[in-house]
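Q: I am attaching a structure below and will ask some questions about it afterwards.
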Amino acid sequence: MNNAPPDRREWLETNGLGGYAMSTATGENTRRYHGLLVAAARPPVGRVVLLSKLEETLLIGGRRVDLSTNRFPDTTHPEGFRFVIGFRMEPFPTISWEVEGIVVEKEIFMPHGENTVCVTWRVLTTGAHSGPIALEVRPLVAFRDSHALTHENDALDRTVTLGESIARISPYAGLPQLFFAHDGEPARAGDWYRFFEYEEERARGYDFREDLWHPFSLSYTFEEIPGGAAARHAATVIASTSPRSTSDLHLLRESERTRREKLTPSGNPDPVARALTRAADQFLVARGDLTTVIAGYPWFSDWGRDTMIALPGLTLATGRPEVAREILLAFAAWVDEGMLPNRFPDDGEKPEYNTVDATLWYFEAVRAYVQSTGDLALVRDLLFPILADIIAWHERGTRFGIRLDDDGLLASGADGLALTWMDARVNGRVVTPRRGKPVEIQALWFNALQTMTDFARRIGKEDSSNAYRARAERCRASFLSVFPDETGAGLVDCIDGPVRDASIRPNQVFAVSLHHSMVPEALARRILATLEEHLVTPFGLRTLSPKDPAYRGRYEGGPEERDSAYHQGTVWPWLIGAYATAFRRVHGDGPRTAKAMRELLAPLGDFLLGDGLGQLPEIFDGDAPHRPRGCVAQAWSVAELLRSRT
C-alpha cells in the first residue's frame, strides 16, 4: 500500500445524541464536517466541531516519523497514509500503521449518551528495533459550528489548564469547555496550524481552507521487552465536554462494546444483517426524553418525512418496537393544522411544516407498528383522534394549498415551494416542479384512508370505518381514471389541471408497494416493467429516465449544479425498498422471486461491508460507475434495505 493514494473511504462513530466522530480511513479530514469530537450542543442538533483531529508522530531512535495525513495548498503533508496497512470497523474504527517493522494501532470510539470520544494507541510489535519508542500526540481544535470554518483570530482564549492527567481548554465563550483526560507527559504549545484544505468541500463549491489551534502536546514512551512487544500497551486520550479519567477507559469500552453486541441477534451468521442493524442504531438519537431519527450524517437533523419512511426498518426490523412507539408519540405531539413537522431546525427554532407527504407517511408508520406489535391500544387510546383530525384538515384544506379536490384526490402547491420529497430548489426555482396531484401523494392518501378504515373497524367505530372506506373508493376510482399513462408506460408522475407530466420517475412505484394499493395486477406489471427498463440500477432507482432530455447522470460541481441534478437522475438507495416490495407483490414469494431479490439487494450489501465502512450513502450517480454522493450515512437508505431483507 506504500504507493497508494490516500484512502477516501469515510467512517462514522455516533453517540446517541446527534454528535459523532468522522474521518477517512487514513485519518485525513476531507470535509469541514470531519472531526474526532463533533458534539451536539442541543441534542440532537447544534453540532459543533470541537476536536478536529489528533496529529501523531512516532519517534524512533531520535527520528520523527509522522503518521498523520493532511492536505495543504499544493501538497499533502505529512504522508502518513504511506504507512497505513489496514483499517477495520470492528469493534470500533481502527487504523494500523507499520514503520520499519513497528506496528501501531489506533482505536476510536464514542460512549453512548455522552459528548465524549476515546482514542487509544497500541504498539503491537516492535520488529527488529531495539530501544524505546515514543509517540507524540498534538490535539488540533476548531471550536465552531459544523457548517462553518475557523481561522486564526485574536478572540480565542489561549488559556490551557494542564494537570498531571487532565487538560482543559475553553477557547470561546458560549461553546462547551473541552477536557482531555490523558496518561502522557503534557507540554504547552499554543500555536496555529494554517491552511488545511478539505478536498470534498472544494469539490462541492464551498470554502475549503481552515486554520486549527494546537493548545498542547502529549508524549508517550513504549519500552521494548523481549519478544518484540512493548511494555506499555496503550496510550490514551479521552476528549469530552465533561471531566473524565483514563481509568474510565476500560469500563466505557466494555459497556459500549456490550451495548452494540446486544443490538444484533446472537449467532446471526449474516454479516450484512449485523452491519445494517448496527448502522440503524446510529440514526436513533435522543431529543429530550424521547427518541427521534437523524436523517443523515454529517449534516442533516431529524426530519419528519425521513423519520416516518425509515421507522419500520430502523426499529421494527431490528426488534426495537418500543423505540418505534416513542418516535410515533413524539411526533404526534408536534402535529399542527393536520400536519407533521418536516424539519426541526439546527438552530433550535420552531419546526417547519413544509411537506405534503411526511404526514401521510405517518399513517403507514403507525400501521406498520400495529401490524408488527399488535399494539392496537396505542391507536385506540392515543392516536386515533389525532389521525382523524389530520384527515379532516386535509379534506377542508391546510397549509400550502394542501386540500381534497372535488374528485377525491389530494392537491397541493404554493409558489416557490416543493412539497414532495423531490424538493430541490436553485435560486428560488423549483428544480422538479410537481404542483397539483403527484402520483405518490394519491397512493399515500388512499393508503391513509384505508388504514383509517381498518383502525376504525377494529376499535368499534363502524360508522367511521364505512365513511373512510367510501372516501377511499372514490379516491381509487378517480385515480384509475386519470393516472394511467396513455402509452402503457405505467402511471404519469403528476397532474396539474390539464397538464399531465409523463416523465418516467420512480414515484409511481408507491402505488404498488404501499400496504393498501389501488393498482390492479396488470397495471402493476406495466409499472414494474417501466421501472426496470429505465430506472433500476445496482444501488437503487434513478429519479429520472436517462432517455429524458432533463436527465443528469452526475451529481457534482457547486451547489447549483448539484441541486439541479438532485432529483434529475441521481440514484436513491431508499427507493430499492419500495421496488422490492412491489416486485414481491406482483411476482409472489416463490424461489424465483427470492433469487431475484438476492441479486437485487446484493450490491448495496457489498457496498455496506466494503467501501461504505458499515454505512450507506444518501445517493449515487445515475451513470455508471454510480459513485456514492451526498450524505455519507443516510437513515432511509439503511432502513429500507433492512426492511427489504426481512
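The values are calculated or read from the model by the stated rules, or taken from the named source; none is laboratory data. All values reported here derive from a predicted model rather than from experimental measurement. Reconstructed Cβ throughout: ideal geometry from the backbone, glycine too, with neighbour counts over all protein chains shown. With ligands, DNA and RNA removed, areas are computed over all heavy atoms of the protein, side chains included. Shrake-Rupley method; radii C 1.70, N 1.55, O 1.52, S 1.80 Å.
Q: Taking the Cα atoms only, what angle lies between the long axis of helix 591-609 and the longest principal axis of the chain, rounded to 10 degrees?
A: The helix 591-609 is inclined about 30 degrees to the chain.
Q: Excluding ligands, DNA and RNA, what is the solvent-accessible area per residue of region 1-131 at a probe of 1.4 Å, expressed in Å²?
A: The answer is 31 Å² per residue.
Q: Can you give me the distance in nm between label points at Thr373 and Ala234, each placed 7 Å from the Cα along the Cα-to-Cβ direction?
A: 3.7 nm
Q: Average projected area of the Cα convex hull of region 18-62, in nm²? Could the numbers behind the result be given before it?
A: On the way: hull surface 15.3 nm².
Quarter of the Cα hull surface area: 3.8 nm².
Q: Could I ask something else about it? Region 128-260: D in µm²/s via Stokes-Einstein (Kirkwood Rh, Cα pairs, 25 °C, 0.890 mPa s)?
A: Rounded to a whole number, D works out at 142 µm²/s.
Q: For a quick check of understanding: with a 1.4 angstrom probe and all protein chains in place, what accessible area in square angstrom does Glu223 have, to the nearest ten?
A: 90 Å²
Q: Under a Cβ-Cβ cut-off of 14 Å, what is the net charge of the residues other than Asp381 that fall near it, where Lys and Arg count +1 and Asp and Glu count -1?
A: +3
Q: Out of all Cα-Cα pairs in region 13-96, roughly what percent, to the nearest whole number, are more than 18 Å apart?
A: Tail of the P(r) past 18 Å holds 51 percent of the pairs.
Q: Just the accessible area per residue of region 438-524, please: how many Å² with a 1.4 Å probe? Don't jump to the answer; show the numbers that get you there.
A: Working: 3210 Å² over 87 residues.
Spelled out: the 1.4 Å probe surface of region 438-524, per residue, equals 37 Å².
Q: Assigning unit charges at the beta carbon (Lys, Arg +1; Asp, Glu -1) and nothing else, what dipole magnitude in debye, to the nearest 20, does region 490-618 show about its Cα centre?
A: So the dipole magnitude of region 490-618 works out to roughly 520 debye.
Q: Further, regarding this structure: The chain: Rg/Rh from Cα coordinates, Kirkwood Rh?
A: Values: Rg = 26.5 Å, Rh = 26.3 Å.
Rg divided by Rh gives 1.01.
Q: Reachable lysines from Lys350, Cα under 30 Å, same-chain residues fewer than 8 places away excluded?
A: Lys437
Q: Please report the accessible area of His151 (heavy atoms, 1.4 Å probe, ligands and nucleic acids excluded) in Å², nearest 10.
A: 90 Å²
Q: Cα centroids of region 201-218 and region 483-516: how far apart, whole angstrom?
A: Using only Cα atoms to place each centre, the spacing works out to 47 Å.
Q: On a 0 to 90° scale, report how tilted helix 384-396 is relative to the longest principal axis of the chain, with both axes built from alpha carbons and the result rounded to the nearest 10.
A: On a 0 to 90 degree scale, this one is about 60.
Q: Lys595: which lysines have alpha carbons under 23 Å from its alpha carbon, excluding same-chain residues fewer than 8 sequence positions away?
A: Filter leaves no residues.
Q: Oh, and also: Mind checking Rg over Rh on region 265-337, alpha carbons, Kirkwood formula for Rh?
A: 1.01
Q: Same structure again: Residue by residue, what Karplus-based ³J(HN,Hα) values in Hz, rounded to whole numbers, does region 569-576 have, using 6.51, -1.76 and 1.60 with θ = phi - 60° and x for Gly and Pro?
A: Here the 3J(HN,Hα) series is x, 4, 8, 10, x, 4, 5, 5 Hz.
Q: Starting from 0.36 nm per residue, how many nanometres of slack lie between Trp192 and Asp611 once their C-alpha separation is accounted for?
A: Here the answer is 147.5 nm.
Q: On the principal axes of its Cα set, how long, how wide and how thick is region 518-646? Give whole Å, largest value first.
A: Computed over region 518-646, the largest-to-smallest principal extents equal 46, 35, 24 Å.
Q: Kirkwood Rh over Cα pairs of region 358-441 into Stokes-Einstein at 37 °C, 0.692 mPa s: D in µm²/s?
A: 225 µm²/s
Q: Please list log₁₀ I(q)/I(0) at q = 0.34 Å⁻¹ for region 574-616, using the Debye equation with identical point scatterers on the alpha-carbon positions.
A: -1.11
Q: Same structure, new question: P(r) for region 305-406: what percent of alpha-carbon pairs falls in each 5 Å bin, starting at zero?
A: 2, 13, 23, 23, 19, 12, 6, 1, 0
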